[in-house]
Amino acid sequence: MNRHPHPRQTATANRARTAAAVARDRFGSPKTIQILSFIAAHLDAAATACISYPNGSRSGFLEMGLALEDVRELITADPDCRFTSGVIEYILAPLTGTPLPELPRLLPASDQFAAQEAELRDRLDRLHADTDAADTDADRWFRAVLDVHSKWATLHISVAVDNRRPYNRARVAKLHLACTTCGGSAFTSPFREEAVCTCGKRQSWADIQVCDCLGDECPALRNIAARP
Ligand SMILES: [Zn+2]
Ligand SMILES: [Zn+2]
């Protein structure tokens, strides 16, 4: 137990602590602030577990994994927390060496939102490329990363509202869906499992999706499903 934690463990624990501090500083409704405080507590628990395990024992990592799963659930439960579940991948990256998470594409109908999305993606790419800052100025670097994710999460909420507007329906369909045969984006849904393109091709829901939305969250799929 007297052994010092490995630098990779320390790096992971430090990222979890930075994220916890960011969560505590964030504002929101009383409900969101409460969830943010739970997120912070679980992140601190993950940090403690990460550096406290005795050499060779897996129990510390298991404990950290459970705490981070709680974080993931809380983030998903309240989008107003303005975290993405990518935060967990950043925290684990020094230990696992897995690639840093990308922002899922929002594919907004509005040009203004598309420009904002491109700008955030660009900022994040530059931060990911700056591995020097990630190592030597870790706290500031991770705060900047979390700031991009926070702005993306806010944009996600606005885009979801805008993409649901009836006058955006055709544009949204074009961005999110494509027929595997003709490339068109006008589908009907006479069958439960399939969509039918205007060219006559029957396809599964997954086959026509060219976006990063999860099935139920895709505004274009929802528009088709809403039709009789
Ligand atoms: Zn077609
Ligand atoms: Zn979609």
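The values are calculated or read from the model by the stated rules, or taken from the named source; none is laboratory data. These figures come from a predicted structure and were not determined experimentally. Here the Cβ is made from the backbone with ideal geometry for all residues, glycine too, and neighbour counts use every protein chain on show. Ligands, DNA and RNA are stripped out before the accessible areas are found, and what is left, the full protein with its side chains, is counted by its heavy atoms. Shrake-Rupley method; radii C 1.70, N 1.55, O 1.52, S 1.80 Å.
Quick look at the numbers
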| quantity | calculated |
| --- | --- |
| Residue check, PRO190 within 16 Å of ligand 1 (Cβ to nearest atom) and free of Cβ contacts under 8 Å to residues at least 12 places away in the same chain | yes |
| Counted residues, the range 105-159 - those being open to solvent by less than 40 Å² (accessible area, probe 1.4 Å) and either within 15 Å of the chain's Cα centre (by Cα) or not assigned by TED's automatic domain parsing to the domain that holds LEU95 (or both) | 14 |
| Members of the range 175-224 that are under 17 Å from ALA109 (Cα atoms), β-branched (Val, Ile, Thr) and in contact with a Pro (Cβ under 7 Å, 6 or more places away or on another chain) | none |
| Given (1) surrounded by fewer than 18 Cβ atoms within 10 Å (Cβ to Cβ); (2) over 27 Å from the mean Cα position of the chain (by Cα), number of the condition LYS174 does not satisfy | (2) |
| Residue match in the range 17-35 (condition: touching a residue at least 60 places away in the same chain (Cβ under 8 Å), assigned by TED's automatic domain parsing to the domain that holds ASP147 and surrounded by fewer than 17 Cβ atoms within 10 Å (Cβ to Cβ)) | no |
| Test set (1) free of Cβ contacts under 8 Å to residues at least 24 places away in the same chain; (2) under 20 Å from CYS213 (Cβ atoms) - VAL159 fails condition number | (1) |
| From the options ASP78, ASP44, residue that is more than 24 Å from ALA133 (Cα to Cα), in contact with a helix residue (DSSP H, G or I) (Cβ under 9 Å, 6 or more places away or on another chain) and acidic (Asp, Glu) | ASP78 |
| Subset tally (residues that are open to solvent by 60 Å² or more (accessible area, probe 1.4 Å) and either farther than 21 Å from ASN163 by Cα or away from ligand 2 (no atom under 15 Å from the Cβ) (or both)) for the range 195-206 | 4 |
| Pick from the range 207-222, criterion open to solvent by 30 Å² or more (accessible area, probe 1.4 Å) and in a helix (DSSP H, G or I), ranking: farthest from ligand 2 (Cβ to nearest atom) | ASP207 |
| Helices (runs of 4 or more DSSP H) wholly inside the range 122-194 containing at least 2 residues that are more than 14 Å from ligand 2 (Cβ to nearest atom) | 131-136, 138-163 |
